[in-house]
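Asker: First the structure, then my questions, so here it is.
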């Protein structure tokens, strides 16, 4: 076995170099080829493509492979890079608008067909202060790019809800989870290349446990074969078998629909989630399952007691209270119903978590405005947010001159303006306001001499009027207040 191959990451060693080497998703690969060919011919209907799918389905490999197949240059930004507005404009946007040089110093011109592929990996995870302003920069990139752009996401909704342009201005290509047989074939090829002796059953177990994630399967294979020349089915049992881990749906069925409290508590222990998170799921779905009012009352009463213990954990940092909370929300809620309900309920995601997720970006924008406002008014961010921002927002929405002047003074960007005006970032109102702000800013940056020359004509006209008014004043009788 090669020492270098053993120590290096196998997912990188065996990453496909061309689109023909990508395993699975033939439809997605064909769509990506057609999009790339449209760029080669100079007539792309959509300048940007979004590769959508679960981890380990070949999205990043496909993006890198298309650049290799068509001989394009590559500019890549992933989750380890800062993806705020400045970084995206500096790296991706500049690369999308300009010509470039090869590593050997040869000039490449876009006009001569030498394209550069801009890849933004994990584009749906652009949140928080470190990535502040990233979404507007992506929208700008999609609009003005002269180079092909690929966004890679797991959750397209998380990205597209930020702007209509991301929906309408991109070609969406969906990647699905890989079949275990496809994963097994790749693992078998890697094992042969590494000189490993591994049983067919062991390969099947690794492929089945990967849940359609080829990257995870390859890493599992590397981990389990480390230091071994031969691997059997028994050796695979050291894996963290993903399929054995119960899902939240399994737990809800046992707690809310089942009638065995002991089994409900047992299943809870197999769910890899914190009690606080599970409580939100149970709280959301109790009314969907418990139709009897007494059952509903008792279930929520027990769940409230569970929440009390979780509060004590947070307050006292004593995690022994978790056991009481878990017993109450699993065993207790399950035992609260008098009988089993025949119909299955369609469980739903907690509304609280959904709202928090959707408002995360808005809270970041709000806090950034509060920080700027607090700095101007010499107060804390919390004071600016709670006491000043509501009044500030009202004036901002109703006073045009104030709006433009304060936007310049505070350096408000498109996201912040959209928040204050309750508008979408790419709406007509925001575009118009940005244009007005730019116009005022450009005027104020002009040399003083230019402004004096332009205004001299107006000044001459006014001087005549001033002389006439002076004569009028000299002839009239002075009032007491002028002495």
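Asker: Let me make sure I get this right: for the range 407-446, a, b and c are the square roots of the gyration tensor eigenvalues over alpha carbons, sorted descending. Under 1.5 in a/c it's rounded, otherwise prolate if a/b > b/c, else oblate. Which is it?
Answerer: Values: a/c = 3.53, a/b = 1.79, b/c = 1.98.
The shape class here is oblate.
Asker: Once R0 is set to 45 Å, what does the formula 1/(1 + (r/R0)^6) return for the Cβ-Cβ distance between residue 438 and residue 340, expressed as a FRET efficiency to the nearest 0.05? Kindly include the intermediate steps, with their values, before the conclusion.
Answerer: Details: r = 66 Å, r/R0 = 1.47.
Computed FRET efficiency for residue 438 and residue 340: 0.10.
Asker: To continue, here is another question. According to the square roots a ≥ b ≥ c of the eigenvalues of the Cα gyration tensor, what is the shape class of the range 138-270, taking rounded for a/c under 1.5, prolate for a/b larger than b/c otherwise, and oblate for the remainder? Present the calculation step by step, with values, prior to reporting the outcome.
Answerer: Numbers: a/c = 3.49, a/b = 1.26, b/c = 2.76.
It comes out oblate by the Cα gyration axes.
Asker: Quote the relative contact order of the range 157-216 in percent (integer), defining contacts as alpha-carbon pairs under 8 Å separated by 6+ residues. Walk me through the numbers before you get to the answer.
Answerer: Numbers: 30 pairs, mean separation 23.4, N = 60.
Relative contact order of the range 157-216: 39 percent.
Asker: Taking every pair of alpha-carbon atoms in the range 311-440, give the share separated by more than 25 Å as a whole percent.
Answerer: Values: 4283 of 8385 pairs.
Above the 25 Å cut-off, the range 311-440 has 51 percent of its Cα pairs.
Asker: Among 220-229, 201-210, what's the highest-first ranking by average C-beta atoms within 10 angstrom per residue?
Answerer: Values: 220-229: 16.4, 201-210: 21.2.
Sorting 220-229, 201-210 by mean packing, highest first, produces 201-210, 220-229.
Asker: A further question follows. So how much slack lies between residue 272 and residue 37, counting 0.36 nm per residue of separation and subtracting their Cα-Cα distance, in nm?
Answerer: In short, 80.1 nm is gained.
Asker: Ranked highest first by average number of other Cβ atoms within 10 Å, how do 163-172, 307-316 line up? Intermediate values should be presented prior to the final figure.
Answerer: On the way: 163-172: 17.6, 307-316: 14.3.
Most protected by this proxy first, the peptides run 163-172, 307-316.
Asker: A further question on this structure: What percentages, rounded to whole numbers, describe P(r) for the range 248-349 computed over all alpha carbon pairs with 5 Å bin width beginning at zero?
Answerer: Final binned percentages: 2, 15, 27, 26, 18, 8, 3, 1, 0.
All of the numbers you see were taken from the coordinates with simple rules; none came from a lab. Here the structure is a predicted model, which means the values were calculated and not measured. Cβ: placed from backbone, ideal geometry, glycine included. Neighbour counts: every protein chain shown.
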